[in-house]
Amino acid sequence: MSAPVSIGLIGAGIMGERMLRAILAQSPELVRAAGIWDPSAEAMARIAGELPQVARMRNPAAVIAASDCVYVASPPASHLGHARAALATGKSVFCEKPLAIDVADSRAFVTEAGGRGAVNFPFASSPAVSQLQDWVAAGTVGGSRRIVIEVAFATWPRSWQADAAGWLDRREQGGFTREVVSHFLFLSRRLGGTLHGLQASVSFPEADRSERRIEARLLAGDIPVTLTGSVGTTQKDDHNIWMLEGEGGAIRLCDWSLAEQRQPDGSWQRAPDALTQLEARPVALKRQLEGVAKLAHGEPHQLATLEEALNVQEIVEAILAS
């Protein structure tokens, strides 16, 4: 059996705390929490109060020194600084998306890092995505395929992200294209192929605020992809549909975790073992952490590769620049 992997966390926001709790929920023979650091005294105090068994580190260097693998969950502009510091000491890196806000810097990082890094796109470990892949393998969709992605939000940021609005609703690092659409672009790349051939438009109606509407067409391998996204066009906190349609039928992913198959009468039938997002999240997180352990040991894993994440980032930033 491989030795347990010690994971240090940089960033104690929503994603950092979620990953920390997931680590604590796993067998210590798989992964362990090496410690956590955040520049916010308030965030560190919250961790101290709720998870006192976790070491609170004095700085990022201390986190890196204590870890086998470093999970970077700070705001995007700081990702590569922390990731490079970890790699320089021989550690592996599991990074939140996007890799960075500068595409050229991300390209350089991917070349530097080789296979020592991965990015946290949970669809890589999603039970619903596994179901979609099984349906595709069974010939449910057939040829002449197309992908349709639709996302919409009542407000941006979403209600549960209000504390991070300082960067999530700014053009430099934030916006729903980076935060949400990137997941569905990753899914399109993982199931279809390299993303390319982009034509897009974007609307920034408020100065220095993030986008409020996007439209795009591109290819995933040789599969046409149509993408739309908007804010203020639904009453739902978070509406999303990813659909793959072909001459043999159609399948889709709804609300992050519900795999459905179109029936001959046009209705949609949910997979019998479909899980809600709340039910599916711990399953996907466990699988992600199993992948992190493999990454740290230099073994093959299912996590999103740096190359996949870079391809997604290139498309996202091109949409926002359009």
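The values are calculated or read from the model by the stated rules, or taken from the named source; none is laboratory data. Quantities reported herein were computed from a predicted structural model and do not represent experimental measurements. No Cβ is skipped: glycine too gets one built from the backbone with ideal geometry, and neighbour counts run over all protein chains shown. Areas reflect the complete protein model, heavy atoms only, side chains present, ligands, DNA and RNA absent. Shrake-Rupley method; radii C 1.70, N 1.55, O 1.52, S 1.80 Å.
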message = Probe radius 1.4 Å, ligands and nucleic acids left out: which of Val129, Val136 has the largest accessible area, and how do the rest follow?
response = Val136, Val129
key: Under 10 Å, Cβ to Cβ, from Gln302 - net charge with Lys/Arg +1 and Asp/Glu -1   = +2
P(r) histogram, all alpha-carbon pairs of segment 218-281 included - 5 Å bins from 0, percent = 4, 14, 21, 22, 20, 16, 5
key: Selection from Val312, Ala86, Phe204 lying farthest towards where the dipole of the chain points positive, charges on Cβ   = Ala86
ask   = What percent antiparallel are the DSSP beta bridges of the chain, to the nearest 5?
value = 60
query = On average, how much accessible surface per residue is there in the chain, in Å², for a 1.4 Å probe, leaving out ligands, DNA and RNA?
reply = 42
ask   = Which shape class, rounded, prolate or oblate, goes with segment 11-53 when its Cα gyration tensor gives a ≥ b ≥ c as root eigenvalues, a/c under 1.5 marks rounded, and past that a/b bigger than b/c marks prolate?
value = prolate
note = A correct Karplus calculation of ³J(HN,Hα) over segment 266-273, with 6.51 cos²θ - 1.76 cosθ + 1.60, θ = phi - 60°, whole Hz and x for Gly and Pro, returns x, 7, 10, 10, 6, 4, x, 9
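Arg145: net charge of surrounding residues, Cβ under 12 Å, Lys/Arg +1, Asp/Glu -1, itself excluded?
Neighbourhood net charge equals -2.
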message = I'm spelling it out carefully: the read-out is volume of the Cα convex hull per residue in Å³, the candidates are (i) 136; (ii) 118; (iii) 179, and one was derived from this structure. Which label?
response = (i)
task = Starting from the Cα gyration tensor of segment 169-322, take the square roots of the eigenvalues, sort them a ≥ b ≥ c, and report rounded, prolate or oblate (rounded when a/c is under 1.5, otherwise prolate if a/b is larger than b/c, else oblate).
result = rounded
key: DSSP-assigned coil residues among trypsin sites (Lys or Arg not before Pro) in segment 117-181, each with at most 15 further Cβ atoms within 10 Å   = Arg171
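Is there a quick way to get the dipole size of the chain? I mean about its Cα centre, with the Cβ of Lys and Arg at +1 and of Asp and Glu at -1; what is the value in debye to the nearest 20? If you can, show how the numbers build up before the last one.
On the way: 31 positive and 36 negative charges, 73 e Å.
Computed about the Cα centre, the dipole is about 340 debye.
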task = Run the numbers on the chain and let me know its relative contact order in percent, using alpha-carbon pairs under 8 Å that are six or more apart.
result = 20
Neighbour cut-off at most 16 other Cβ (10 Å), DSSP loop, trypsin sites (Lys or Arg not before Pro), segment 1-97 = Arg58
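Taking the Cβ of Val103 as the center, what net charge do the other residues with Cβ under 10 Å away carry, scoring Lys and Arg +1 and Asp and Glu -1?
Working: positive: Arg107; negative: Asp102, Asp105, Glu314, Glu317.
Residues close to Val103 contribute a combined charge of -3.
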ask   = So how tilted is helix 14-25 from the main axis of the chain? Cα-based, degrees 0 to 90, rounded to 10.
value = 70
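Report relative contact order for segment 245-322 in percent, whole number only (criteria: Cα-Cα under 8 Å, sequence separation at least 6).
15
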ask   = Tell me which lysines have Cα within less than 20 Å of Lys91's Cα, excluding those fewer than 8 residues away on the same chain?
value = Lys294
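Taking a quarter of the surface of the convex hull around the Cα atoms of segment 101-208, what do you get in nm²?
If you wrap the Cα atoms of segment 101-208 in a convex hull and average its projections, you get 9.7 nm².
So which GluC sites (Glu not before Pro) in segment 4-77 are both in a DSSP loop and have at most 12 other Cβ atoms within 10 Å of their Cβ?
Glu29
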message = Quick check: from the Cα gyration tensor, does segment 194-242 come out rounded (a/c under 1.5), prolate or oblate?
response = oblate
task = Give me the angle, in degrees from 0 to 90, between the Cα long axis of helix 103-113 and the longest principal axis of the Cα atoms of the chain, rounded to the nearest 10.
result = 60
ask   = Contour minus end-to-end for Arg46 and Ser130, with contour as 0.36 nm per residue of separation and end-to-end as the Cα-Cα distance?
value = 26.7 nm
